Amino acid sequence: METLRIVYTKQKYMRYLSHLELMKLFERVFRFQKLPLKFSEGFNPHPKMTFAAPLSVGFSSQAEIMEVQLNERIDLEHVLQMKFPDGIQIIKAKYVDSKKALMASIDFSEYMIRIDFGASVSEYPFEERAESFLNQEAIHYEKKTKKGTMKTVNALELVKSFSVIFKEENELILRATLASNSSMGSLNPELLANLFLNFCKNEKEIEQIEVERINLFMTVDKKLVSLYEL
Amino acid sequence: MKLEAMLQRVEKPSRYIGGEINTFNKEITAEMIRFAFCFPDVYEVGMSYLGLQIIYSLLNKEEDVFCERVFSPWKDMEELIRENNQTTVTLETKSKLLDMDVLAFTLQYELSYTNIINMLDLSHIPFYAKDRSDVHPLIVAGGPCAYNPEPIADFVDLFFIGEGEEQLIEFIEVYRPYKAGKITKDEMLLAATKIGGVYVPKFYEPVYDEKGILVEVNRKADVPEKIKKRIVRDFDKGFQLETMIVPFADVVHDRAAIEIFRGCTKGCRFCQAGMIYRPVREKSPETIKSNVDKILSTTGFEEFSLTSLSTMDYSSIETLVSDLVQQYEKESIGVSLPSLRLDSFSVDVVKEIQKIRKTGLTFAPEAGTQRLRDVINKGVSSENIETTFRSIFGLGWSRVKLYFMIGLPTETHEDLDGISDIANLGTYIFKQVKPESMKKSVQVTVSTSCFVPKPFTPFQWMPQSTMDDFYEKIDYLKTKLINKKVVYNYHDPKTSVLEGVFARGDRKLSKVILKAFELGAKFDGWQEYFDYSIWMQAFEACGVDPDFYTVRKRDYNELFPWDIIDPGVTKDYLISENEKALSGVTTIDCREGCTACGVNVNIIGGAC
């Protein structure tokens, strides 16, 4: 058995695919591309695939990662040339030893968050406010648990880095590296943007918040490694 | 607000994005004929329709035609479109419908008519054909409900009657000179009536008597008196569907579909499809296998279905299924069969396919007693039912679904008792024959729908049951189906009564549809949207009595609004079948001998 790891983009209109839709799409492309898929046993056999750190519907990504189990190796050139709908492109493929579950090994995600305002915000010192935002003792918010009860979470504990990288007229771009791990917890970048705008006492109308994931990080030998280096 | 921002706010954005595998994106030039296939329901329903896949593939093979898709936006998207002054757009290029040359609506069920109006409204296109000009797209329609086009005849420029593969290509030929500005819209429409199977309502003017019954139809131009349906004569050699769009979202039928034959020989007297899709034309096993192979190797579907009106009647179904199962088993690709007959033969075939995936079983006895099954000519005997129960439960199935109709002509409470007898028989046989290792208990699900008399069936003269009758029968069945192992579901009579109005309706109904739309009707086929009171208000406001269309008994010599269409099956045949029904005489399956319905003489040409 072989584990094939694929790094791919999820952009343009394809960012609106849900996790389930994305999985089904991959399965079907793999099937008609005749990948030697390994199937689960039982009455409803399905291919063995793992998608790390699912993205929220509507967020785009420059680099997502998934693994699929094959019965035998096939040429990686063939994998790299597989055609997906416009917006999904395979940018890297390799065979890996998969001892550790992929899902569990993603620890952080790095995002660009672009905010469109209904009016100019060029006068507002977002850059300075970002520093004081991070210098707070805690940033509490309420989160619904799986049981349906509410619990208070400190967002700061889930933020690895956060900065304003661009500001012009009606537009503001933030960059943030946030926890996205099932055991450690994860922070939604859109929520972080809203916490920040509340902190800035923003009253300008927000037309749209666009989020793009630009990198994923795993802890390998106690060091953070970007998926581009995997 | 831009489309992207709207997509961020709706529940299922993938309904609107397009770009699925095997979709087209052509360069839009001045010569390109821009065709929009419009399905007046949501994406998940529309993308399950095989006809869409066929027409999309067929038209996009033409170099100067670009066929795109449009579905009804769901409520959340519609609100955003209206709030932001946007319009409905195509999935492929996100173009406005006003920028298209042809909008082609498929008429799959009567309760989607308000959605057609809504799609036009969302695109700022005038509803009535007479209010549209050269600057507007041409509105065309086809599909099963086009066999009675009259209720929406005022809205549509041109109807296609019958199978579309050949006539659509011929229509494009007529359309080209109009697109090039060489002929006027009226000249193009008139030319279209010559290709066969085309109905242009503006050239026909119905005349009604004081009771509202149709007395004659005046022709306003040199057009055929009757519009003969079109069929693909050589189904094995004609256009073959060899690829399909692979849909996103959770579509209703999320699998490849391979048509194995058209038409049906059973002759069930309530069934419109069984009459209008005649004659039976099979594809050869070789063609079917090649279609399956080509579709699977371009789509990656993990399941495919062999579709037809009665798949078990395919001449060599047993070998076909076992060959296909054998071929695709190793790739974990499942085969599914849409409809099963109640007999041991069907069970044998099902045994074969369930090697891969075990699914529930569904059968349709349609009526509870032998007497009533003979009236409707449903060739299922009590013995068939018992044998089927014995074999499926013996093989280890524990769940079965049974479909029945209520309100069939001549039905009595005895026939309803028969429904509960069949359900109880199922639970009883299960206990007798279940495998010893079986721990599960049995579940028999009984579903009833309300009978709607349809045009071009032997029951087209019959009154439909009243709403009160339907409810009384449902309540009666509720008191009868008390066995804990039996689950009872029923279809709401209100929608069936409305369906009954439009199924046998005339041109006077267009104003009712518009009124109901103005009062807020849309997605009438969806329980959560359907509002019966709106419709009653609309009928009253327009001075139209719905009972005129549903519960009135019609004479054999009454001229029907749909008599302008010639489906091949003759009226004499339908009358004789209606008479035989009333005296409980059955008619054989026409694979066993010709029953003289007329389709071979009228459509194929030659002896029957």
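A short reminder: the numbers here are calculations on the coordinates, not readings from a lab. Source: prediction; values computed, not measured. Glycine gets a Cβ as well: all are built from the backbone with ideal geometry, and neighbour counts include every protein chain shown.
Placing one identical point scatterer on every Cα of the stretch A:106-229 and ignoring solvent, what is log10 I(q)/I(0) from the Debye formula at q = 0.11, 0.12, 0.14, 0.20 Å⁻¹? At q = 0.11, 0.12, 0.14, 0.20 Å⁻¹ the computed log10 ratios are -0.41, -0.48, -0.65, -1.17.
Fewest to most neighbouring Cβ within 10 Å: what's the order for B:ARG281, B:ARG554?
Least to most surrounded, the residues fall as B:ARG554, B:ARG281.
In a DSSP loop and with at most 15 other Cβ atoms within 10 Å, the GluC sites (Glu not before Pro) in the stretch B:535-608 are B:GLU558, B:GLU592. Please state the shape class of the stretch B:310-355: rounded when a/c is under 1.5, otherwise prolate if a/b exceeds b/c and oblate if not, all from the C-alpha gyration tensor. The shape class here is prolate.
Considered as an equivalent ellipsoid built on the Cα gyration tensor, the stretch B:152-270 has semi-axes of 31, 23, 16 Å, the largest given first. Count charges around A:ILE113 for me, please; just the other residues with Cβ under 12 Å from its Cβ, Lys/Arg as +1, Asp/Glu as -1. Taking every Cβ under 12 Å from that of A:ILE113, the sum is -3.
Counting neighbouring beta carbons within 10 Å and listing from fewest to most, the residues B:TYR113, B:TYR556 come out as B:TYR556, B:TYR113. Gaussian network model of chain A, Cα springs within a sub-10 Å range: biggest mean-square fluctuation belongs to which of A:LEU22, A:LEU37, A:LEU76? The residue with the greatest mean-square fluctuation here is A:LEU76.
Volume per residue for the stretch B:445-576 equals 141 cubic angstrom (convex hull of Cα atoms).
Mind checking which of A:PHE26, A:PHE196, A:PHE43 has the largest fluctuation in a GNM of chain A, springs on alpha carbons under 10 Å? Looking only at A:PHE26, A:PHE196, A:PHE43, the largest GNM fluctuation is found for A:PHE43.
Hydrophobic, long helices, defined as DSSP H runs whose alpha-carbon span along the helix axis is 27 Å or greater and whose mean Kyte-Doolittle value is at least -1.0, occur in chain B at B:413-433.
Compactness ratio for the stretch B:234-356: Cα radius of gyration over 2.2 N^0.38 Å (N = residue count) comes to 1.06.
Annotation for the stretch B:218-248 versus the stretch A:27-43: alpha-carbon center distance of 37 Å. For chain B, adding -39500 (n - 2.57) for each run of n ≥ 4 DSSP H residues and dividing by the number of residues yields -10000 deg cm²/dmol at 222 nm.
Our note on the geometry: Cα centres of the stretch B:331-382 and the stretch A:176-230, 54 Å apart. Equivalent-ellipsoid semi-axes for chain B (Cα gyration tensor, √(5λ), whole Å, largest first): 38, 30, 25.
Our summary of shape: the Cα atoms of the stretch A:153-196 have principal axis extents of 39, 15, 14 Å, ordered from largest down, in whole angstrom.
Take the Cα of B:VAL215, step 7 Å toward its Cβ, do the same at A:PHE39, and the gap between the two points is 6.7 nm.
For the stretch A:2-99, what Kirkwood radius comes out of the mean inverse Cα-Cα distance, in Å? Result for the stretch A:2-99, one decimal place: 13.8 Å. Beta bridges per DSSP, both residues in the protein assembly as shown: antiparallel share near 60 percent. So which GluC sites (Glu not before Pro) in the stretch B:1-67 end up in coil per DSSP with only 11 or fewer other C-beta atoms within 10 Å? Taking the stretch B:1-67 and a limit of 11 other Cβ atoms within 10 Å, the loop GluC sites (Glu not before Pro) found are B:GLU11, B:GLU27, B:GLU31, B:GLU63. Could you work out the percent of alpha carbon pairs in the stretch B:346-469 separated by over 22 Å, rounded to a whole number? In whole percent, the long-distance tail amounts to 41. Report, to the nearest 10°, how far helix A:189-199 tilts away from the longest principal axis of the Cα atoms in chain A, using its own Cα long axis and a range of 0 to 90°. The two axes meet at around 0 degrees. Electrostatic bookkeeping for B:VAL444 treats Lys and Arg as +1 and Asp and Glu as -1; over the other residues with beta carbon under 9 Å from its beta carbon, the sum is +3. Each semi-axis of the equivalent ellipsoid for the protein assembly as shown is √(5λ) with λ an eigenvalue of the Cα gyration tensor; in descending order they amount to 50, 35, 27 Å. Tell me, how many Å apart are the Cα centres for the stretch B:442-496 and for the stretch B:94-134? Value for the Cα centre distance between the two parts: 34 Å. The GluC sites (Glu not before Pro) found in the stretch A:77-153 that occupy coil by DSSP, while having at most 11 further C-beta atoms within 10 Å, are A:GLU123, A:GLU137.
Going by how many other Cβ atoms sit within 10 Å of their own, how do B:TYR43, A:TYR124 line up, fewest first? Walk me through the intermediate numbers first.
Numbers: B:TYR43 26, A:TYR124 16.
Lowest to highest Cβ neighbour count: A:TYR124, B:TYR43.
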